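To start, the structure under review is shown below, and the notes come after it.
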Amino acid sequence: MGYRRIAHTGDTGFEIEGQSLPELFREAALGLLDTITDPETVQTSVKREFHIEARDTEQLLVAWLSELLYRFDTEDLLFSEFSIQIRDGTHLKAEAKGEVFDPKRHPIKTEVKGVTYHQLKIEGGPPYRTRVILDL
C-alpha cells in the first residue's frame, strides 16, 4: 500500500491506499511529511501522543493531518513513525515519533499552508483509498 503524489492546479496532493484505516492514516501522515521534507532524514528522538475526535472519518483524517502540520508550524516537530488506533472511524489515538526540524538536515521541499477537504472521500475497506489535497 502507500501513497502516490498527484498534480493539482495550484496545490499538491497524494492518493493513499491502506489495508486498514490506521494504515491509511499512517500513509497520509507520511505523504504529508514527504511533501514537506525527505522522510529518510527524520529521526525518532521525540515522542508525542495525539487524541483526536471528529464527526466522521474524513474529518478525522483532515484533523489528524492538520494537527501534524500545526505541530510543525508551532513546535518545529517532524514525525516519521506512527502507531495509530482508530475507533468507530471518529476517534484517533496515536503515538508519533520524530524530531525537531533542523534546516541543515531537513531540506524544505514545499511549504504547506493547510489540509483541504477538496475531493476528500475515504472509499473501500479493505483496501481503503482516498485522495488528499494540500493548500500551498
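With each label modelled as a point 7 angstrom along the Cα→C-beta vector, the residue 117-residue 85 pair spans 2.9 nm.
Take the Kirkwood radius over Cα pairs of the range 1-53, plug it into Stokes-Einstein at 4 °C and 1.567 mPa s, and you get 103 µm²/s for translational diffusion. Computed per residue of the chain from DSSP H runs no shorter than four, each worth -39500 (n - 2.57), the mean residue ellipticity at 222 nm is -8500 deg cm²/dmol.
Within the chain, what is the number of lysine pairs with alpha carbons under 27 Å apart, leaving out pairs fewer than eight places apart on the same chain? So the count works out to 12.
Each residue in 14, 50, 79 was given a count of other beta-carbon atoms within 10 angstrom of its own, and listing them fewest first yields 50, 14, 79.
For the range 2-135, the alpha-carbon coordinates run over 41, 34, 23 Å along the three principal axes, in decreasing order.
Within the range 57-86, whose backbone N sits under 18 Å from a point 7 Å along Cα→Cβ of residue 45? Under 18 Å, as judged by backbone N against the label point of residue 45, lie 72, 75-81 of the range 57-86.
The numbers here are math on the coordinates, done by the rules we state, and not lab data. Just so we're clear, the structure is a prediction, and the values are computed from it rather than from any experiment. Please note: Cβ atoms are built from the backbone with ideal geometry, for glycine as well, and neighbour counts cover all protein chains shown.
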